[in-house]
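A.B. asks: Here it is, the structure in full.
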Amino acid sequence: RFTEADLRLGVAERAHDLFRNDQDLGIIDTHVLGSNAVNELRALFGRRFVDLNVDAHCGITCATEDRPSIKLGKSFNLPQKRTEDRWQFADTFTRSVSNRTGQHMVKAGIDVSFIHDANFFPLNFAGTFTFDTDQPFNADDKATYPTKFTQGGGLPDVDIDDNMYAVFLQDQWRPSSRLTINAGLRWDYEDGPGISQDHDNVAPRLG
């Protein structure tokens, strides 16, 4: 649903350029452990760089100007830069077992990611002028003055660590040639800002 503010005209100076670069390096080692067991180890390093850039349009020091029918200046939440580095390690062990209860294909594994985000986010540092009129500013006419001015401050550089851990166990059981039962359990934990106390993410599976 659109509001009246969403329908205002945005001029070219409010635009931005998006630059993104992704780099990934992965290694997989598959180790056959006899005739009925396999272990797969995966390691990954990934980097993503994102730049929402306003240099070619209004510039980082350009203030935001909101009027009833037009948006002038740059957007208050630009520019932004982010570099995400991710190290991921995953190991899965698979074993096939046949006994008097039927055939089992048991899998167990862990998945760990260490993520670091380096952010540059000067939120509304240049300030936002809000007007109730579309008339150009006239120092002799108080009706053309802004009705509100807001401005952000502080440090624009924010580093965030967000680590994720998961373990799982599952069994594909075939008690007969006409029946297959899939059962498993997975636990996830994310050690990130504001959510590090959430320890009960347990996901059962049955099919």
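A.B. asks: Given that just one value was derived from the coordinates, which of (1) 27.4, 95; (2) 20.2, 63; (3) 19.5, 58 is Rg and Dmax of the Cα atoms in Å?
C.D. replies: Among (1) 27.4, 95; (2) 20.2, 63; (3) 19.5, 58, the one derived from this structure is (1).
A.B. asks: Only sites in a loop by DSSP and with at most 16 other Cβ atoms within 10 Å count here; which chymotrypsin sites (Phe, Trp or Tyr not before Pro) in segment 75-133 make the cut?
C.D. replies: Within segment 75-133, the qualifying chymotrypsin sites (Phe, Trp or Tyr not before Pro) (loop, at most 16 other Cβ atoms within 10 Å) are F125.
A.B. asks: Sticking with this one: For segment 49-207, with only Lys/Arg (+1) and Asp/Glu (-1) charged at the beta-carbon, what is the dipole magnitude about the Cα centre, in debye rounded to 20?
C.D. replies: Dipole size: approximately 1120 debye.
A.B. asks: By per-residue mean of other Cβ atoms within 10 Å, what is the highest-first order of 152-159, 39-46?
C.D. replies: My ranking of the peptides, most packed first, is 39-46, 152-159.
A.B. asks: Write down the percent of antiparallel bridges among all DSSP beta bridges whose residues are both part of the chain, to the nearest 5.
C.D. replies: Once the DSSP bridges in the chain are tallied, antiparallel ones form about 95 percent.
A.B. asks: Go through 186-198, 100-112, 137-149 and give me the packing order, highest mean Cβ count within 10 Å leading.
C.D. replies: 100-112, 186-198, 137-149
A.B. asks: So, for the chain, what is the accessible surface per residue at a probe of 1.4 Å, expressed in square angstrom?
C.D. replies: It amounts to 67 Å² per residue over the chain.
A.B. asks: Could you tell me what percent of the accessible area of the chain is made up of carbon and sulfur, with a 1.4 Å probe and every protein chain present?
C.D. replies: 55
A.B. asks: Now a separate question. Output the peptides 53-66, 169-182 sorted from most to least packed, where packing is the average of other Cβ atoms within 10 Å over each peptide's residues.
C.D. replies: Top to bottom by mean Cβ count within 10 Å: 53-66, 169-182.
The values are calculated or read from the model by the stated rules, or taken from the named source; none is laboratory data. Every value quoted in this text rests on a predicted model; they were computed, and no experiment measured them. Cβ: placed from backbone, ideal geometry, glycine included. Neighbour counts: every protein chain shown. Accessible surface is based on the protein model in full, side chains and every heavy atom, while ligands, DNA and RNA are left aside. Shrake-Rupley method; radii C 1.70, N 1.55, O 1.52, S 1.80 Å.
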